[in-house]
Structure formats: C-alpha cells, structure tokens
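Q: Structure provided below as structure tokens; questions to follow.
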Amino acid sequence: MALIELRSLTKVFQMGENEVHALAGVSLDIENGEMLAIMGPSGSGKSTLMSIIGCLDVPTDGSYSLDGQTVEKLKDSQLAQVRNQKIGFVFQQFNLLSRTSALENVLLPLGYSGLGARASREKALKALEMVGLTDRVRHHPAELSGGQQQRVAIARALVNEPAILIADEPTGALDSKTGEEIMGLFQRLHSDFGQTVILVTHDPFVARHTRRIVRLSDGLITSDTANPNPIAAGTPRPELEM
C-alpha cells in the first residue's frame, strides 16, 4: 500500500455563477520515502492538489487515502490532527512570526503535542540543528538572511517529525545560490532521515533535483516520469531551460 493514494480526485470551486474545475480526475500514488516534484503553470491545479494532499482542503469527489486512512471522511478536528502529526509545510514566504526568535517559531507546532516545556525545547533545538542553525536560535527573522529564515521554516515543519514534508515554491523568494542551498537541505533530509518530500513548483530546474516529476495541466496529470539522475545541489543553473 502506498503512503498516499489518490483516486479520481475532482475539485470544483463556485465563482459566482460559474464553476471552476481545479482538478478534473487526478489519480496518483506516492510511496513512503519518495522525493518528487509536482509541476505545472499557474492555474494547472497543483496548488489545489497540494492543499488536498496536505489535508488543508477536501476533494469534491474521489478518494484520498493517507497511510491507510480515508481522509475525505475525516472531521475538521481530525484533519487538523493529521496535519499536525503527519505533515510538515514549507511555504515560499516563510510565514515566520517577526517578534519571536527562531527557537520560538520552531516551538509553535509543539503547543498541541502535549509535551512539557523542556522536552519541547529539546525537540526544537534538534530541528534547528538539523538545518544548520544552532548558532541562530535566539535571532529574530529580521536578523536572519532569506536562506536562514527558510531554514527556520523547514525546522518548524520538521519539529513534529512528520512522515511527509510538503514545500510550496520553497526557493521562489530566494536568490539562486541560496535556493541551491535549500534544495541541498531537502535532498539531505530525504536521504538521511527518510522524509517523504513533495515539492510543488513551476520551475523545471528545481523539479530536476527530485527522482520523480509529475506534471499537471488543466486539472489533469499529463505526465509522471522517473528522474533517475537528480541534479545535485550546487549545480549551476543553465541559462536556458529546455
């Protein structure tokens, strides 16, 4: 059984008198420990698909099984529990609280874990160590570079040790050198800790850092291809994408 099983997913949004079919019948399996990219232009449905995989939304029709659990039948409180325990999110704009330190930002998801203050602090410090920020735990976001802020966001996503890490355009707000450093971090998390990593991106160069590339267009999967030789982090970006 795959970790994620999607079958004939549709998602319809009502926009005034019009219906928008964001997903038009998506079926996809993702195995535990995979690192893959979901690609597509604006309006292709990739963000909607990410929201459903991340239990931020539910499909209009079709089925979604996560680790053997039927997601679309869960109540809102159960969905929130799944998000907190099994899924970590990394967003393009970091979404850090500006008036709190790196450590305090990483501690936020642990507020619902039931852990004591000491155990929570130890877990947060370990997550910051994993992303190479042990010397920045007391710094506020304004005192950190863009790459360091994204590392804090990744540590926050990792602190509950989720099975799945979903990153939405994780290098979109970074310069190319810093973006490569972040891609190297995702690759290391995948190889060293067995994270299932799903990158949602419009950028073919970012996608080629993964072993599998799923392309969407008009709410449908148009291709699902293996990439046996992912780009290593630090590889110069070509001037022209093919």
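What follows draws every value from the coordinates through simple rules; no lab data is involved. Bear in mind the structure is a predicted one, so any value in this text is a computation, not a measurement. Glycine gets a Cβ as well: all are built from the backbone with ideal geometry, and neighbour counts include every protein chain shown.
Q: Once the other residues with Cβ under 11 Å from the Cβ of Ile221 are scored (Lys, Arg +1; Asp, Glu -1), what is the net sum?
A: With Lys, Arg at +1 and Asp, Glu at -1, the net is 0.
Q: Loop-only check: which trypsin sites (Lys or Arg not before Pro) in the stretch 113-182 are DSSP coil with at most 12 other Cβ within 10 angstrom?
A: Those that pass, being in a loop and sparsely packed, are Arg138.
Q: Counting Lys +1, Arg +1, Asp -1, Glu -1, what net charge surrounds His140 among other residues with beta carbon under 11 Å of its beta carbon?
A: +1
Q: Continuing with this model, one more query. List the aspartates and glutamates whose Cα sits under 18 Å from the Cα of Lys123, skipping any in the same chain fewer than 8 residues away.
A: Excluding near neighbours in sequence, the set is Glu104, Asp135, Glu161, Asp192.
Q: Net charge near Leu3: determine it from the other residues with C-beta under 12 Å of the C-beta of Leu3, scoring Lys and Arg +1 and Asp and Glu -1.
A: -4
Q: Let me have the 222 nm mean residue ellipticity of the chain computed from DSSP H runs of 4+ only, each contributing -39500 (n - 2.57), with the sum over all residues rounded to the nearest 500.
A: When only DSSP H runs of four or more count, the value is -9000 deg cm²/dmol.
Q: Another question about this same structure. How about the stretch 161-242: which GluC sites (Glu not before Pro) there lie in a loop by DSSP and see at most 11 other Cβ atoms within 10 Å?
A: Passing sites in the stretch 161-242 are Glu239, Glu241.
Q: Antiparallel versus total DSSP beta bridges in the chain: what percent is that, nearest 5?
A: That works out to approximately 55 percent antiparallel.
Q: If you don't mind, there's one more thing I want to ask. By a straight-distance test (C-alpha under 24 Å), which lysines pair with Lys11 as possible cross-link partners, with residues fewer than eight away in the same chain excluded?
A: Of all the lysines, those that pass the test against Lys11 - Cα under 24 Å, at least 8 places apart if same chain - are Lys46, Lys73, Lys75, Lys86.
Q: Match the structure shown to one of the listed values (i) 7, 31, 35, 21, 5, 0; (ii) 7, 27, 27, 21, 14, 4, 0; (iii) 8, 29, 31, 20, 10, 3, 0 of P(r) over Cα pairs in 10 Å bins from 0, in percent, computed from it, and give that label.
A: Among (i) 7, 31, 35, 21, 5, 0; (ii) 7, 27, 27, 21, 14, 4, 0; (iii) 8, 29, 31, 20, 10, 3, 0, the one derived from this structure is (i).
Q: Once each part is reduced to its C-alpha centroid, what is the distance from the stretch 164-232 to the stretch 1-58 in angstrom?
A: First find each Cα centre; the distance between them is then 16 Å.
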